[in-house]
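The structure appears below as structure tokens.
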């Protein structure tokens, strides 16, 4: 299983330094939607997708529907250089709640 990141340039630098081998960065030629379609086409070989909240917001319903249809890859949203969004939904908490059967308190 592979780990793939879909993020902005600044976040990509940090993730590459952390050892994430495949980092996709949208630009004027490759939009986030086109890159996401690449991930969807090859999702059976991917175990974890790290995506910034801003790009996740751009993908919107497309990402939401993918999460509903597929158990893998696990999709983790991280903040970008602007910080955490105020209306952020922590999907990792939902995954843990499903697996363990109880909510973790912060």
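Determine the relative contact order of the stretch 2-100: mean sequence separation of Cα pairs under 8 Å and six or more apart, normalised by residue count, in whole percent.
28 percent
Cut-off is 10 Å between beta-carbons; in what order do 64, 40, 77, 28 appear when sorted fewest neighbours first?
28, 64, 40, 77
Binned at 10 Å from 0, what are the whole-percent values of the Cα-Cα distance distribution for the stretch 2-100, short to long?
Using 10 Å bins, I get a P(r) of 15, 51, 32, 2, 0 for the stretch 2-100.
Let me know the Kirkwood hydrodynamic radius for the stretch 1-56, please, with Cα pairs as the basis and the value in Å to one decimal.
Across the stretch 1-56, the inverse of the average 1/r is 11.4 Å.
Order these by the 10 Å Cβ neighbour count, fewest first: 49, 25.
With the fewest neighbours first, 49, 25 line up as 25, 49.
Read-outs throughout are calculated quantities, based only on the coordinates presented, and are distinct from any laboratory measurement. As the structure is a prediction and not an experimental result, all values here were calculated from the model. Cβ coordinates were reconstructed from backbone atoms using ideal geometry, including for glycine residues, and neighbour counts include every protein chain displayed.
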